[in-house]
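Asker: Submitted below is the structure of interest, expressed as structure tokens.
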Amino acid sequence: MKKTSNENNNGLTMGICIGVAIGTSLGAVYDNIGTGIAIGVGAGLFLGTLYDSKKKRKNDDDKE
């Protein structure tokens, strides 16, 4: 069964959510929530994309 687009991007979604949470916390500590959220989203996008890429490579290797 072919995975839908939504199932393929779970790492990206989770990365953004975790990044926003951490960024908001750090922004509150440093009294600059806007910058914290922006940094958190950027870090979440980066880490989520890495996770999805690694997961895709593993699945491709398993098929061979």
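The values are calculated or read from the model by the stated rules, or taken from the named source; none is laboratory data. From a predicted model like this one, the values you see are computed outputs, not experimental measurements. A quick note on method: Cβ atoms are made from the backbone with ideal geometry, for glycine too, and the neighbour counts reach across all protein chains shown.
Asker: Please specify each residue of the stretch 1-32 satisfying the condition of being assigned to a helix (DSSP H, G or I), β-branched (V, I, T) and either under 23 Å from K55 (Cα atoms) or at pLDDT below 95 (or both).
Answerer: Correct list: T13, I16, I18, V20.
Asker: Still on this structure: Taking the condition of being more than 20 Å from N10 (Cα to Cα) and part of a helix (DSSP H, G or I), how many residues in the stretch 40-64 meet it?
Answerer: Initially, the stretch 40-64 is screened for residues more than 20 Å from N10 (Cα to Cα), giving 63-64.
In the following step, the residues that additionally are part of a helix (DSSP H, G or I) were identified as 63.
The number of residues fulfilling the criteria is 1.
Asker: Can you pull out the residues in the stretch 40-53 that are buried (at least 17 other Cβ atoms within 10 Å of the Cβ) and not charged (D, E, K, R)?
Answerer: Within the stretch 40-53, G40, A43, G44, L47, G48 qualify.
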